[in-house]
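All of the numbers you see were taken from the coordinates with simple rules; none came from a lab. Every value quoted in this text rests on a predicted model; they were computed, and no experiment measured them. Glycine also receives a Cβ, built like all others from the backbone with ideal geometry; neighbour counts cover every protein chain displayed.
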Amino acid sequence: MYPEKTIWAWTGYTYEEYLKDKEIMKYLDVVVDGQFVQALHNPKLEWKGSSNQRVIDVKKTQEQGKVVLFDNYIH
């Protein structure tokens, strides 16, 4: 839909429990999943607020049938 853009979404749900079968996933490139947990908060993390969250490459995840973390993600 927007080949020159990378479309991101943040959600409190995990990919496995909710997102993998949702229609919206075909429009997304990256999803940050999982609830924000204050006790796991780390301000040095890129693109996520707590260490339990994952930065997921949606296209690669769908191709491989397993969660694949975003290549450019450095935790």
Q) Can you pull out the residues in the stretch 1-34 that are part of a helix (DSSP H, G or I), surrounded by 13 or more Cβ atoms within 10 Å (Cβ to Cβ) and among the aliphatic types (A, V, I, L, M)? A) 19, 25
Q: Determine whether the stretch 40-55 contains at least one residue that is touching a residue at least 24 places away in the same chain (Cβ under 8 Å) and β-branched (Val, Ile, Thr).
A: yes
Q: Out of the residues in the stretch 35-72 that are in a loop (DSSP other than H, G, I, E, B) and touching a helix residue (DSSP H, G or I) at 6+ places or on another chain (Cβ under 9 Å), state the one that is nearest to residue 7 (Cα to Cα).
A: 70
Q) Within the stretch 56-65, is there a residue that is within 13 Å of residue 11 (Cβ to Cβ), surrounded by 13 or more Cβ atoms within 10 Å (Cβ to Cβ) and not basic (Lys, Arg)? A) yes
Q) Among the residues of the stretch 41-52, is there at least one that is hydrophobic (A, V, I, L, M, F, W, C), surrounded by 13 or more Cβ atoms within 10 Å (Cβ to Cβ) and on the phi > 0 side of the Ramachandran plot? A) yes
Q. If a residue has to be touching a Lys or Arg at 6+ places or on another chain (Cβ under 7 Å) and either of a type in the set (Val, Ile, Thr) or within 16 Å of residue 60 (Cβ to Cβ) (or both) to count, how many in the stretch 15-48 make the cut?
A. 3
